[in-house]
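Trainee: I am attaching a structure below and will ask some questions about it afterwards.
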Amino acid sequence: MARSLRTCSALPAAVVVTAAPLLAACGGGNGDAPSIPLADERGGGARIAELVGDAAWLDAGDEDSERCDAPLDRRVHVTGATLVAVDRFDETGEGARGNHYVQDLADDPADHSGMTVFQPAFSPPDLRLVPGDVVDVSGVLTEFLGPSSGRFGGCRTLPEIGGTMSFRFEDRPARPRRVPLDDLKSYASARRYIGMLVRVEGVEIARDPSSSGGRYTASINVGAGVPAADVPSLSNELYDLEAEGPPLAAGASFRSVTGVLTYFYGFKIAPRCPADFQPEDAPLPVDDACAP
């Protein structure tokens, strides 16, 4: 109230409490108009990019990630994040679904704006979200070093939140972030896009795809000299890529591939539907062809 009545600062407190009807009289039509700050439609919580950054704790010499100085788990409250994908495809037949992927609401999201929300709860419990919904997330942020049976190695981590999602408002689906293929050649340069909807141009399949335990992947050709653990691939995490996707034999190429960038023992682009693949002779999409 005091800020909005700054031209009437001499009014006694008793008058200020009931000052709304007196605004016109205070200004007299000659002073500054009352300044009433508008609420931020994204909410007053943190942005993902404020919570996640470069992994200063990387240690290539720590192959088993036993001495990592990764951040401790901490409670966070994120507001105004756009839902970019929901994992509803159980590729393994063992319940490998449920993750939600969000990124900060922005036409051009900053680095480190994406996040995996690990099998969230919802408020209210019957809430069901679709891509484009703007949400708040409250929970615990973890820099996950990998399963205890086998860490990722080198102190690499997957940032993820385990917690509760609530609906804020409905918006258009997020536009993908254009990512140079060279940025996916190492963990240090690719980490900034984890959990984000990305579009990579000039994608060529390096070798015939592999299928194991229901997981279907195809390595992307990023040239020589890249360690096997750093070679990115395409994966069937978000839809039945093997049955419904384009042929991914060695040498197949695409003008662009869109999907969520995930990390688990390596980086993967997870397309959401067949339209996330653009053939060599097709124009780049303007709108999100996979939008619901």
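Trainee: Given the options Gly93, Gly98, name the one that is modelled with pLDDT under 95, part of a loop (DSSP other than H, G, I, E, B) and under 21 Å from Met165 (Cβ atoms). So that I can check it myself, show each step before the final result.
Mentor: On the way: Gly93 fails: under 21 Å from Met165 (Cβ atoms).
The unique qualifying residue is Gly98.
Trainee: Return the pair list, or none, for Cβ contacts closer than 7 Å from residues in the stretch 39-64 that are in contact (Cβ under 8 Å) with a residue 12 or more places away in the chain and assigned by TED's automatic domain parsing to the domain that holds Ser166 to residues that are among the aliphatic types (A, V, I, L, M) and part of a helix (DSSP H, G or I), at least 6 apart or on different chains.
Mentor: Note: pairs meeting the criteria are Leu58/Ala188.
Trainee: Could you tell me which of the residues Ala218, Ala270, Ala291 is without any contact (Cβ under 8 Å) to a residue 40 or more places away in the chain and hydrophobic (A, V, I, L, M, F, W, C)?
Mentor: Sole residue among the options that is without any contact (Cβ under 8 Å) to a residue 40 or more places away in the chain and hydrophobic (A, V, I, L, M, F, W, C): Ala218.
Trainee: Hey, another quick one. If you take the residues in the stretch 232-258 that are of a type in the set (A, V, I, L, M, F, W, C) and in contact (Cβ under 8 Å) with a residue 40 or more places away in the chain, which one is nearest to Pro176 (Cα to Cα)?
Mentor: Val257
Trainee: Let me ask another. If a residue must be out of contact with any helix residue (DSSP H, G or I) (no Cβ under 7 Å at 6 or more places or on another chain) and either assigned to a helix (DSSP H, G or I) or surrounded by 16 or more Cβ atoms within 10 Å (Cβ to Cβ) (or both), how many such residues does the stretch 209-225 contain? Walk me through how you get there before you give the answer.
Mentor: Here is the first cut: in the stretch 209-225, the residues out of contact with any helix residue (DSSP H, G or I) (no Cβ under 7 Å at 6 or more places or on another chain) are 209-210, 212-215, 217-221, 223-225.
If we keep only those that are either assigned to a helix (DSSP H, G or I) or surrounded by 16 or more Cβ atoms within 10 Å (Cβ to Cβ) (or both) as well, we get 209, 215, 217-221.
Qualifying residue count for the region: 7.
Trainee: Residues to consider are Ala174, Ala85, Ala96, Ala110; find the one that is of a type in the set (Gly, Ala, Ser) and in contact with a helix residue (DSSP H, G or I) (Cβ under 8 Å, 6 or more places away or on another chain). Explain how you work it out, then say what you get.
Mentor: On the way: Ala174 fails: in contact with a helix residue (DSSP H, G or I) (Cβ under 8 Å, 6 or more places away or on another chain); Ala85 fails: in contact with a helix residue (DSSP H, G or I) (Cβ under 8 Å, 6 or more places away or on another chain); Ala96 fails: in contact with a helix residue (DSSP H, G or I) (Cβ under 8 Å, 6 or more places away or on another chain).
Going through Ala174, Ala85, Ala96, Ala110 in turn, the sole match is Ala110.
Trainee: Hey, another quick one. When you go through His100, His77 one by one, which is the residue that is of a type outside the set (Asp, Glu) and under 30 Å from Asp240 (Cβ atoms)?
Mentor: Details: His77 fails: under 30 Å from Asp240 (Cβ atoms).
After ruling out the rest, the residue left standing is His100.
The values are calculated or read from the model by the stated rules, or taken from the named source; none is laboratory data. Just so it is clear, the model here is predicted, and its values are computed rather than measured. Ideal geometry is used to build each Cβ from the backbone, glycine not excepted, and the neighbour counts take in all protein chains shown.
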